[in-house]
Amino acid sequence: MDQFTNRPKILTATVPAKVKGTRPPNEIDFWRGYALVVIFLNHIPGIWFENYTHKNFGFSDSAELFVLLAGWSLRSMVDRQSRDLTSLGLFFRLGSRAIVLYVAQLVITVIAIAIIASTAFISDTNLVLQWNNAAAIFEDPVTAHIGLVLLSHHLGYFDILPLYIVLMAMTPFMAVLHRALPWALLPVSFAIWAATLGTAVNLPTWPVEGRWFFNPFAWQFILVIGFLLGGDSVITRIAVTWRAIARLLGGLIVALGLLATYLQFYPDPFNVPQPPLFFVADKTFLTPLRLIHVLGLVAFFGGSFAFFYKKARPLARFLSMLGRNSLNVFCVGSLLSLSAQSARFALGSTLWVDVFVVLIGLLLMSATAWVSEWRARLK
Amino acid sequence: MARTIKVKMLALLAVFIAAPLSAFAQAPQDGAAAAAPPSVSVTNETPGVPLTPQQLSAQCAVPTSEIAAPAPLPATIVRLEGNQPLRILAIGSSSTWGVGATSRRKNYPSQLEAMLERVLKTVPIEVVNRGVSGETAEATADRLRIEAALLRPDLVLWQVGTNDAVQRVSVESFERTVSETVAQLRKKNIDVVLVGLQYTPKYARDEHYFAIRDALKRVAAEHNALYVRRYQAMEHISKTKSNLQMMADDDFHLNDLGYQCMAEHIAHAMTANLFVRRRKPAS
């Protein structure tokens, strides 16, 4: 049984805490930590290690895993708090989380702009100012700064937090709906996702004409799935009852993902039935191929934390520590990825440079997690 | 006090969340393939479109042979002859977004839209801009495939190559990416105009820059796609009209006049081809 929710657990194996005042290492934090490391690597385009992250072996990548696990841990929080909170209290408690994320997005964006500007300044290369969709900031600052505050302008690779902010702003409604009509959450979320894929609606970006890289109307579905899996729900009960079959099915999906990657099979958007978004592997719209793949990964690898804890304890503790402090580590990790892009630009893109930037990155991400917990203990 | 701040922050957040949503509500649903065509008033006197090629202004004048080689635009012809709205997807990197222009209305897709509306008088033209700065061909190709499947444009303008050349993408990889994508678009009966590399004295002796430029030319020839020789056209202007300032302060991107010339050259290349086709249907 899960120690927080007192309900059947399917992915929440925990062990005693070693560091006083922190959550004991557990499966959710462990995989969140894993997703954070992979996001850090994936956001350094061209780095050698990027070729070996799990996006190369199937349709989904760590962004799906990260958002699913965010929903999962959100459920633990809601279940713990909701006993003492009114619906209105719950509504505002969850809504305030969106504000924290919004402030974090603004802070890391400003630092990212400074990193890009410093790289251009030191290397005396104005072309760097175009990196990662940053041209508007330097070329059209009047509109771009309004866009940054309105979240309608995102730097490349700094577009996950805007999604997360919108999703967190939706969570009060989600939690209240779930409290009132638990059975309605999944169909409502599915209907919004399906309608989004059918009509291809998305939020616009401005001043750069385009659309959000992570479409919140589509991505809310995976947050809701994580939220439902994180506690008692119909899908949790099915997953627990048919655990062996779920794992087998997950294994099959993972194997098919591997095969598709090996054969370089990707549906051609021009040659699929209408509406095309139901049949292609598109990240913006979290299309079925990507969704099914990440659910397959969870079904297959879920529960393997116990194995890692037994056979590779330092790794299990390390990733759990990162996952426990996911917002801080994510923010620092995003800035480290951008700094790594600058370092590779300045030092060249050899394997030694790649090893160096990854080691420094992991060191600083773990330092961030350690300092966050140290500060929490001081309080 | 803390509570007041929290409430104020909540109100601010609500405004920030609501603003893009309301902008979205007003914006055309460019993702919807079946969306209604843009409502531009049309004086539909006779079927077909009176065509005269885009005239070049004195500042932007270059010999026609320096701009583009003739290539068919069959999908565009069909739309124009049916007097149906023309949807153009302009995709690429900073030169499509308009780095160096004083405003978004001065980037090349906006200027091109106005020019085409003047030349193709009775047909509503919609140019959708999907320029993302700093992007190489591979990243743009990923966006292009899905954007084209959703927007169903009649013609794609793909400005490509400069970032690949500067970022040292291998010629083989660049050529393969562009060629595969153009083949997919052509197969779906979407016209393709490849807009070539930026002219800049900085890279005038760079072998890789020229290798990428030649690769793009090969791809255009292989698929019989219209190729706008942006490098040659701008080089011609810079050498024959050295008193004109075409470049932005960074000495790499174009300024408003530079983008005007780029738009004029593309508009000329497109309309000259349509004009030739209409006069000589057998060709």
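Quick notes on this one:
- The residue pairs whose first member lies in segment A:204-231 and is over 29 Å from residue B:109 (Cβ atoms), whose second member is of a type in the set (S, T, N, Q), and whose beta carbons are closer than 7 Å, counting only pairs six or more residues apart or on different chains, are A:220/A:189; A:221/A:189; A:224/A:189; A:228/A:236; A:229/A:236; A:230/A:73; A:230/A:76; A:231/A:5.
- Qualifying residue in segment A:327-341 (condition: away from every other protein chain (no Cβ under 14 Å), part of a helix (DSSP H, G or I), buried (at least 22 other Cβ atoms within 10 Å of the Cβ) and in contact with an Asp or Glu (Cβ under 7 Å, 6 or more places away or on another chain)): no
- Segment A:138-152 - residue that is in a helix (DSSP H, G or I) and at the interface with another protein chain (Cβ under 10 Å from one of its Cβ atoms) and, of those, surrounded by the most Cβ atoms within 10 Å (Cβ to Cβ): A:139
- Set A:175, A:194: member being under 30 Å from residue A:278 (Cβ atoms), modelled with pLDDT of 95 or more, assigned to a helix (DSSP H, G or I) and more than 11 Å from chain B (Cβ to nearest Cβ): A:194
- For segment A:342-366, a residue qualifies if it is surrounded by 13 or more Cβ atoms within 10 Å (Cβ to Cβ) and within 21 Å of the chain's Cα centre (by Cα), and the qualifying residues are A:358, A:361, A:362, A:364, A:365, A:366.
- Selection status of residue B:128, under 21 Å from residue B:252 (Cβ atoms) and either surrounded by fewer than 17 Cβ atoms within 10 Å (Cβ to Cβ) or within 9 Å of chain A (Cβ to nearest Cβ) (or both): no
- Segment B:186-205: number of residues that are touching a residue at least 40 places away in the same chain (Cβ under 8 Å) and either assigned to a helix (DSSP H, G or I) or within 13 Å of chain A (Cβ to nearest Cβ) (or both): 7
One line per residue, one yes/no per condition, for (1) crowded, with 16+ Cβ neighbours inside 10 Å; (2) acidic (Asp, Glu); (3) in a loop (DSSP other than H, G, I, E, B); (4) within 14 Å of another protein chain (Cβ to nearest Cβ):
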site	(1), (2), (3), (4)
A:198	no, no, no, yes
A:202	yes, no, yes, yes
A:227	yes, no, no, no
A:240	no, no, no, no
A:266	no, no, yes, yes
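- Screening segment A:119-135 for residues that are part of a helix (DSSP H, G or I) and more than 28 Å from the chain's Cα centre (by Cα) and picking the one that is farthest from the other protein chains (Cβ to nearest Cβ) gives A:122.
- Which listed residue, of A:234, A:254, is surrounded by fewer than 17 Cβ atoms within 10 Å (Cβ to Cβ) and not acidic (Asp, Glu): A:234
- Total residues in segment B:131-153, condition more than 10 Å from chain A (Cβ to nearest Cβ) and surrounded by 22 or more Cβ atoms within 10 Å (Cβ to Cβ): 3
Condition check ((1) under 24 Å from residue B:183 (Cβ atoms); (2) at pLDDT 95 or above; (3) out of contact with any Lys or Arg (no Cβ under 9 Å at 6 or more places or on another chain)) across all residues:
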{"site": "A:252", "(1), (2), (3)": "no, yes, yes"}
{"site": "A:265", "(1), (2), (3)": "yes, no, yes"}
{"site": "A:273", "(1), (2), (3)": "yes, no, yes"}
{"site": "A:282", "(1), (2), (3)": "yes, no, no"}
{"site": "A:285", "(1), (2), (3)": "no, yes, yes"}
{"site": "A:291", "(1), (2), (3)": "no, yes, yes"}
{"site": "A:297", "(1), (2), (3)": "no, yes, yes"}
{"site": "A:310", "(1), (2), (3)": "no, no, yes"}
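- From the list A:160, A:192, A:165, the one residue that fits, being β-branched (Val, Ile, Thr) and more than 30 Å from residue A:138 (Cα to Cα), is A:192.
- Check on residue A:155, part of a helix (DSSP H, G or I) and either crowded, with 17+ Cβ neighbours inside 10 Å or not β-branched (Val, Ile, Thr) (or both): no
- Residue, surrounded by the fewest Cβ atoms within 10 Å (Cβ to Cβ), within segment A:36-57, restricted to residues that are part of a helix (DSSP H, G or I) and polar (S, T, N, Q): A:51
- Test: residue B:68 is more than 14 Å from the chain's Cα centre (by Cα), at the interface with chain A (Cβ under 10 Å from one of its Cβ atoms) and of a type outside the set (D, E, K, R): no
- Test result for residue B:100, touching a strand residue (DSSP E or B) at 6+ places or on another chain (Cβ under 9 Å) and either at positive phi or within 14 Å of another protein chain (Cβ to nearest Cβ) (or both): yes
- Residues satisfying the stated conditions in segment B:166-179, i.e. under 13 Å from residue B:215 (Cβ atoms) and either in contact (Cβ under 8 Å) with a residue 12 or more places away in the chain or at the interface with chain A (Cβ under 10 Å from one of its Cβ atoms) (or both): B:169, B:171, B:173, B:174, B:175, B:177, B:178, B:179
- Residue that is farthest from residue A:146 (Cα to Cα), among those in segment A:107-124 that are loosely packed, with under 14 Cβ neighbours inside 10 Å and free of Cβ contacts under 8 Å to residues at least 60 places away in the same chain: A:124
- Total residues in segment B:162-188 satisfying the condition of being under 23 Å from residue B:200 (Cβ atoms) and touching a His at 6+ places or on another chain (Cβ under 8 Å): the figure is 3.
- If you go through segment A:61-95 and keep only what is in a helix (DSSP H, G or I), among the polar types (S, T, N, Q) and surrounded by fewer than 16 Cβ atoms within 10 Å (Cβ to Cβ), you end up with A:81, A:87.
- Against the conditions (1) more than 12 Å from every other protein chain (Cβ to nearest Cβ); (2) in contact with a strand residue (DSSP E or B) (Cβ under 8 Å, 6 or more places away or on another chain), residue A:208 satisfies every one except (1).
- Output for segment A:274-287, where each listed residue is more than 23 Å from residue A:157 (Cα to Cα) and in contact (Cβ under 8 Å) with a residue 12 or more places away in the chain: A:275, A:278, A:279
- Restricting segment A:96-106 to residues that are under 17 Å from residue A:147 (Cβ atoms) and surrounded by 18 or more Cβ atoms within 10 Å (Cβ to Cβ), the residue that is farthest from the other protein chains (Cβ to nearest Cβ) is A:105.
- Some residue of segment B:80-103 being among the aromatic types (Phe, Trp, Tyr), touching a residue at least 40 places away in the same chain (Cβ under 8 Å) and in contact with a helix residue (DSSP H, G or I) (Cβ under 8 Å, 6 or more places away or on another chain): no
- In segment B:154-165, residue nearest to the other protein chains (Cβ to nearest Cβ) [restricted to those that are in a helix (DSSP H, G or I) and touching an Asp or Glu at 6+ places or on another chain (Cβ under 9 Å)]: B:163
The values are calculated or read from the model by the stated rules, or taken from the named source; none is laboratory data. Remember, it's a predicted structure, so these values are computed and weren't measured experimentally. All Cβ positions, glycine included, derive from the backbone under ideal geometry; neighbour counts span all protein chains shown.
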